[in-house]
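The values are calculated or read from the model by the stated rules, or taken from the named source; none is laboratory data. All values derive from a computational prediction rather than experimental measurement. Glycine also receives a Cβ, built like all others from the backbone with ideal geometry; neighbour counts cover every protein chain displayed. Heads up: the accessible areas ignore ligands, DNA and RNA and are worked out on the full protein's heavy atoms, side chains in. Shrake-Rupley method; radii C 1.70, N 1.55, O 1.52, S 1.80 Å.
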Amino acid sequence: MLWDTSLAVINLLAPNRPANRVVPAGHPGFNGEWPEYVPPKEGDSRCSCPALNAMANHGILPHSGRNITFKELNATIRTTYNFSPSFCYFVPNYAAQMLSRDYSTDTFDLSDLDVHNGIEHDASLTREDVAFQPDQGKPSPRLVKELLECGTGPNGDLTPADLSRISGKRRTESRVGNGQFSLSTFHKLFGSSNSSTLLTIFGGRKDDLIPFLTEERIPDGWQSRIRHPFGLTLTEFNSTVLPVEFGIKEELPWNGKPKKTKSA
Ligand code: HEM
C-alpha cells in the first residue's frame, strides 16, 4: 500500500501523458493502433473479464487464451489499460494465490479465473450468474444491453450513480431469481471495483463501451482515459469504487426475504 500511495502522490504532481500517447511506444495500441481483432474460435479459452478477453481477442495475450504467465498479465494490463504498477502486480498475484499457483513460474488459461466466488461472483453486470450461465466466457447480450442503456450522462455515458443503480437492480434480481445466490461483502467490493473500471479506464464513454462490452473489442484509436504516468493506483481507484458501492441500494433487506407488507 505504501508503494501504491507513493505512486498516487507522484501522479498528482507529474504531468499527464498526452491523450494520444498513453500507450508507451513499442507496445500494442501505441498511437491508438491496436492489433487486429479476431473473435474467439472454438477451443479458445475466455473468462468472465471483458478486459482480459479483449486483450486475447487482439492477440495482446495469446489468442487461444491459454498458457498465460502471471508476469505477462501484469505487463500487458499495465501498457494496455494504464493501471498502476502496484495494481498490475497485486491483482495477478491475487489470481495466482486463488489458483494455488506460483506467480513467477506457473501459467493459467483465462477460463481458470472463473472459480466461482474466487474473483468471479454472482450479480455481475455483464454475465448471468454461473447457475444460469456455466460458461462465463461470453457476455450476456441482455445484461450488456441493459448496462449500455442505463447511462444518464452526456451522450448516454455512464455515471457513478448509474452503476450504483444498475448494480442494486442486478443484486436484487439475482437474490430473488437465483436459488444458489451468494454475494459476500468482499465480492460486493470486487463487483464495484470491476464495474468502476468502466468509469475510470473508459471514462464511462458509451461509444467506447459498446464494442468493448458487446464484442470484447478495443475500439480503433482508443487509449485509456487514465493518463497519469504511473497509471490508476488502488488509492485513486478507491475514490470511485467506494462511492459506487455505498450508493448501491437493493430493493430487498439483506436476508433476501421479501419485505413484510401490512396484511390487508
Ligand atoms: C489481473 C487482471 C485481472 C483479472 C484477474 C480480472 C478478473 C476478472 C474476473 C474474474 C471478473 C468477473 C467478475 C464477476 O463475476 O463479475 C472480472 C470482471 C470484470 N473486469 Fe476484470 N480482471 C483483471 C483486469 C481487469 C482490467 C485491467 C479491467 C479494465 C480495464 C477489468 C475490467 C473488468 C470488468 C468491466 C468486469 C465486468 C464486471 C461485471 O460484469 O460486473 N478487469 N475481471
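You will find that of Ser167, Ser174, the residue that is open to solvent by less than 20 Å² (accessible area, probe 1.4 Å) and touching a Phe, Trp or Tyr at 6+ places or on another chain (Cβ under 8 Å) is Ser174 and no other.
Is it the case that some residue within the stretch 188-195 is under 13 Å from His121 (Cα atoms), surrounded by fewer than 18 Cβ atoms within 10 Å (Cβ to Cβ) and either more than 17 Å from the chain's Cα centre (by Cα) or among the hydrophobic types (A, V, I, L, M, F, W, C) (or both)? Yes - at least one qualifying residue is present in the stretch 188-195. Scan the stretch 87-117 for residues that are open to solvent by 10 Å² or more (accessible area, probe 1.4 Å) and of a type in the set (Gly, Ala, Ser) and jot them down. Scanning the stretch 87-117 gives Ser100, Ser104, Ser111.
Residues in the stretch 185-215 that are more than 10 Å from the ligand (Cβ to nearest atom) and either touching a strand residue (DSSP E or B) at 6+ places or on another chain (Cβ under 7 Å) or in a loop (DSSP other than H, G, I, E, B) (or both): Gly203, Gly204, Arg205, Glu215. Note on the stretch 38-78: residues that are more than 22 Å from Arg127 (Cα to Cα) and over 16 Å from the mean Cα position of the chain (by Cα) total 10. Going through the stretch 76-88 one residue at a time, which ones are more than 22 Å from Pro39 (Cα to Cα), within 11 Å of the ligand (Cβ to nearest atom) and part of a helix (DSSP H, G or I)? Hits for the stretch 76-88 are Arg78, Phe87, Cys88.
Of Leu148, Leu163, which residue is near the ligand (Cβ under 10 Å from one of its atoms), touching a residue at least 40 places away in the same chain (Cβ under 8 Å) and out of contact with any strand residue (DSSP E or B) (no Cβ under 7 Å at 6 or more places or on another chain)?
Working: Leu148 fails: near the ligand (Cβ under 10 Å from one of its atoms).
Among Leu148, Leu163, only Leu163 is near the ligand (Cβ under 10 Å from one of its atoms), touching a residue at least 40 places away in the same chain (Cβ under 8 Å) and out of contact with any strand residue (DSSP E or B) (no Cβ under 7 Å at 6 or more places or on another chain).
May I ask you to list the residues in the stretch 42-61 that are in contact with a His (Cβ under 8 Å, 6 or more places away or on another chain) and more than 16 Å from the ligand (Cβ to nearest atom)? Asp44 - this is the single residue of the stretch 42-61 that is in contact with a His (Cβ under 8 Å, 6 or more places away or on another chain) and more than 16 Å from the ligand (Cβ to nearest atom).
For the stretch 134-145, the candidate set comprises residues that are without any contact (Cβ under 8 Å) to a residue 24 or more places away in the chain and outside any loop (DSSP other than H, G, I, E, B); within that set, the residue that is nearest to Leu198 (Cα to Cα) is Lys145. Whether any residue in the stretch 119-131 is part of a helix (DSSP H, G or I) and open to solvent by 20 Å² or more (accessible area, probe 1.4 Å) is what I want to check. Looking for residues that are part of a helix (DSSP H, G or I) and open to solvent by 20 Å² or more (accessible area, probe 1.4 Å), one finds none in the stretch 119-131, hence no. The set of residues in the stretch 63-75 being surrounded by fewer than 20 Cβ atoms within 10 Å (Cβ to Cβ) and at negative phi consists of His63, Ser64, Arg66, Thr69, Lys71, Glu72, Asn74, Ala75. Residue check: Ala54 meets all listed conditions (1) open to solvent by 20 Å² or more (accessible area, probe 1.4 Å); (2) part of a helix (DSSP H, G or I) but one, namely (1).
Given the criteria touching a strand residue (DSSP E or B) at 6+ places or on another chain (Cβ under 7 Å), hydrophobic (A, V, I, L, M, F, W, C) and touching a residue at least 60 places away in the same chain (Cβ under 8 Å), does Phe108 qualify? Can you show your working first?
Details: touching a strand residue (DSSP E or B) at 6+ places or on another chain (Cβ under 7 Å): yes; hydrophobic (A, V, I, L, M, F, W, C): yes; touching a residue at least 60 places away in the same chain (Cβ under 8 Å): no.
No: the conditions fail for Phe108.
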